[in-house]
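**Student:** For reference, the structure I am asking about is given below.
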Amino acid sequence: MTNIRPVLLSGGAGTRLWPVSRLAFPKQLLPIADNQTMLQATAGRVAGAGFLDMLVVGDEEHRFFIEDQLALSGLTPAAILLEPEGRNTAAAIALAANWVTTQGQDDLLLVLPSDHVIRDVEAFRAAVQAARPAAEQGGLVTFGIRPDRPHTGYGYIEVGDEGSTLQGIPRVAAFVEKPSVELAREYIAGGRFLWNSGMFLYRASAILEELERYEPEIAAAVAQASQESSADGSFVRPGARAFASSPSISIDFAVMEKTAKAFVIPVDIGWSDVGSWEALWDIGPKDADENVLQGPVISLDSKGCLVRSEHGAVVVALGLRNIGVVATRDAILVTDMACSQEVKQAVELLREQGHETATSAVEVFRPWGSYQTTDKGERFQTKRIVVKPGASLSLQKHHHRSEHWIVVKGTAEVTIGDEVRLLQENESTFISAGTLHRLANPGRVPLHLIEVQCGPYLGEDDIVRVDDHYGRHMSPDHSS
């Protein structure tokens, strides 16, 4: 039997679950629906017997988070393919298929978005095995979710006639865009429509052939980018210019809606794409009043609500009906649950108005740890910095600001000019403007410190890197 190679798609704009998810840290990298991140949960479903080492297609800026999260789960991917820029799912899948063929293989690619929830893992694995014979014979198999209500937030797949099957799996009659409520009710009543999950199983060669047939520009651009790839450990970087020349089209539009080789296997696996706060309410644990509550939340006479406090602020929900409230350190969302599909429109408006909350959060994650701004005023700014054990920031200097570091917990190795020394808890140091410096954590526990910046200009672009372990010499990015 042909080997199954999981392909995890880890892109995304971080808009649909704002304000918890942001562009800089989208939902698949967060523990949105469970104690582990959505990427970790997806990877865990396709690890072990029956599966080859996975491929992950992700963003350059997220590469270390992807690698670290998989490592924490005890998983080592075959490769992490880094998109120079997002070009939608057709190019991402072509990138994975080209990687497989350049290894001299023709694996079955199990393509999975990394931000979906699947509650019945055994049923999911059984469905993958049931789809295998059709995929081995060249079919492009998608997994259609049996609908339990007339949902308007999903695309639909119409199942073909019973007489047109491949290895017992019916042919796709049509892909349908997100319908109106009335049309969705008709689909459910007719019994021939399934939700489009965006999950696929097919040979690498089969999807490349169909891309060449229907979208030759994508096929050619990604093939060229793959030929120009360079490897850095588990990271594989395709040629940036060639990849950027690919049209930005989803795999549904590019191939699945056009090909005569599309087949669909109906499944019931406890699936959700967690594409809105309403979807998260739908799968969440509910109290006696059908509320999903997380964090320090008090609910009084509220029903059918999702109320979530991310960072300690007490939220009181009084007399609410079918309302979503999500509070983070720097933003609060209040929405009618029926409107939660439209959150990304609000994020787009925030971006147009220049709000930082549209793209980044107060707590900013970096390969070495994280930092968050705690106060800011004229000529000063304070931040709390957390450095992972064994990690270090870049050797850098600033032209316009000086910095004070106070160790709160752990041990800091501080380089200032030619001097290197250790700072323990409750000790501090000063770095004058223009002085080369570096912060590292030589210990086995996270290092916590407070940084106070002073100067006429405190912008994130006031940095000159001299040395960096993460290859970010040219990107302006404070505390990196």
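**Student:** What is the extension gain from Asp375 to Arg321, computed as 0.36 nm multiplied by their sequence separation minus the C-alpha to C-alpha distance, in nm to one decimal?
**Tutor:** 15.9 nm
**Student:** Can you give the angle from 0 to 90° between the axis of helix 343-352 and the longest principal axis of the chain, with both taken from C-alpha atoms, to the nearest 10?
**Tutor:** In the chain, helix 343-352 runs at an angle near 50 degrees to the longest axis.
**Student:** Please report the orientation-averaged projected area of segment 195-323, defined via the convex hull of its C-alpha atoms, in nm².
**Tutor:** 12.6
**Student:** What fraction of the DSSP beta bridges in the chain is antiparallel, stated in percent and rounded to the nearest 5?
**Tutor:** Details: 74 of 109 bridges.
Expressed as a percentage, antiparallel bridges in the chain total about 70.
**Student:** Helix 63-72 versus the longest principal axis of the chain: what angle, 0 to 90°, nearest 10, using Cα atoms?
**Tutor:** Helix 63-72 sits roughly 80 degrees off the main axis of the chain.
**Student:** Report, in cubic angstrom per residue, the convex hull volume of the C-alpha atoms of segment 277-349.
**Tutor:** 80
**Student:** All other residues with a Cβ under 12 Å from the Cβ of Leu8 taken together, and with Lys, Arg as +1 and Asp, Glu as -1, what is their net charge?
**Tutor:** That works out to 0.
**Student:** Shifting gears a bit: For every other residue with a beta carbon closer than 11 angstrom to the beta carbon of Arg192, add +1 if it is Lys or Arg and -1 if Asp or Glu, then tell me the sum.
**Tutor:** -4
**Student:** Looking at segment 175-210, which GluC sites (Glu not before Pro) are in a loop (DSSP not H, G, I, E or B) and have at most 16 other Cβ atoms within 10 Å?
**Tutor:** The qualifying sites are Glu177.
**Student:** First select every other residue whose beta carbon is under 13 angstrom from the beta carbon of Pro113; then total the charges, Lys and Arg +1, Asp and Glu -1. Can you show the working numbers first?
**Tutor:** Numbers: positive: Arg16, Lys27, Arg45; negative: Asp115, Asp252, Asp273.
Once positives and negatives cancel, what remains is 0.
**Student:** Once you have the Cα-Cα distance between Ile188 and Ala260, take 0.36 nm times their residue separation minus that, and quote the gain in nm to one decimal.
**Tutor:** Answer, rounded to one decimal: 23.4 nm.
**Student:** Charges at C-beta only: +1 for Lys and Arg, -1 for Asp and Glu. How large is the resulting dipole of the chain about its Cα centre, in Debye rounded to 20?
**Tutor:** Approximately 440 debye in magnitude.
**Student:** Based on a Kirkwood Rh over C-alpha pairs, give the Stokes-Einstein translational diffusion coefficient of segment 365-470 at 20 °C and viscosity 1.002 mPa s in µm²/s.
**Tutor:** Working: Rh = 13.7 Å.
Estimated diffusion coefficient is 156 µm²/s.
**Student:** If you don't mind, another one. Figure the gain on full extension for Ala13 and Glu352 (residue separation times 0.36 nm, minus the Cα-Cα span) and round it to one decimal in nm.
**Tutor:** Gain in length upon complete extension: 120.5 nm.
**Student:** A further question on this structure: Over 29 Å between Cα atoms: which of Lys27/Lys383; Lys303/Lys383; Lys376/Lys409; Lys286/Lys388; Lys344/Lys388; Lys27/Lys178 fall into that group?
**Tutor:** Checking Cα-Cα distances, Lys303/Lys383; Lys286/Lys388; Lys344/Lys388 exceed 29 Å.
**Student:** Further question: Calculate the FRET efficiency for Ala240 and Lys344 from the Cβ-Cβ distance with a Förster distance of 30 Å, rounded to the nearest 0.05.
**Tutor:** 0.65
**Student:** Could you give the size of the charge dipole of segment 368-426 about its Cα centre, using +1 on the Cβ of each K and R and -1 on the Cβ of each D and E, expressed in debye and rounded to the nearest 20?
**Tutor:** Using Cβ point charges on Lys, Arg, Asp and Glu, segment 368-426 gives about 220 debye.
**Student:** Continuing with this model, one more query. Work from the charge dipole of the chain (Cβ charges, +1 for Lys and Arg, -1 for Asp and Glu, about the Cα centre) and give the residue of Thr435, Leu350, Ala206 farthest towards its positive end.
**Tutor:** The residue sitting farthest along the positive end of the dipole is Thr435.
**Student:** Given +1 on the Cβ of Lys and Arg, -1 on the Cβ of Asp and Glu, and no further charges, what dipole in debye does segment 4-272 carry about its Cα centre, rounded to the nearest 20?
**Tutor:** Numbers: 22 positive and 32 negative charges, 72 e Å.
Result for segment 4-272 is approximately 340 debye, rounded to the nearest 20.
**Student:** Relative to the compact-globule scaling 2.2 N^0.38 Å, provide the ratio for the alpha-carbon radius of gyration of segment 4-272.
**Tutor:** Cα Rg divided by the expected 2.2 N^0.38 Å: 0.96.
**Student:** Then there is this: At 10 °C and 1.306 mPa s, grab the translational diffusion coefficient of the chain from Stokes-Einstein with a Kirkwood Rh over Cα pairs, rounded to a whole number in µm² per second.
**Tutor:** Using the Kirkwood radius from Cα pairs, D works out to 65 µm²/s.
Read-outs throughout are calculated quantities, based only on the coordinates presented, and are distinct from any laboratory measurement. If you're wondering where the values come from, they're calculated on a predicted model, not measured in any experiment. Using ideal geometry, Cβ is built from the backbone for each residue, glycine included, and neighbour counts are taken over all protein chains shown.
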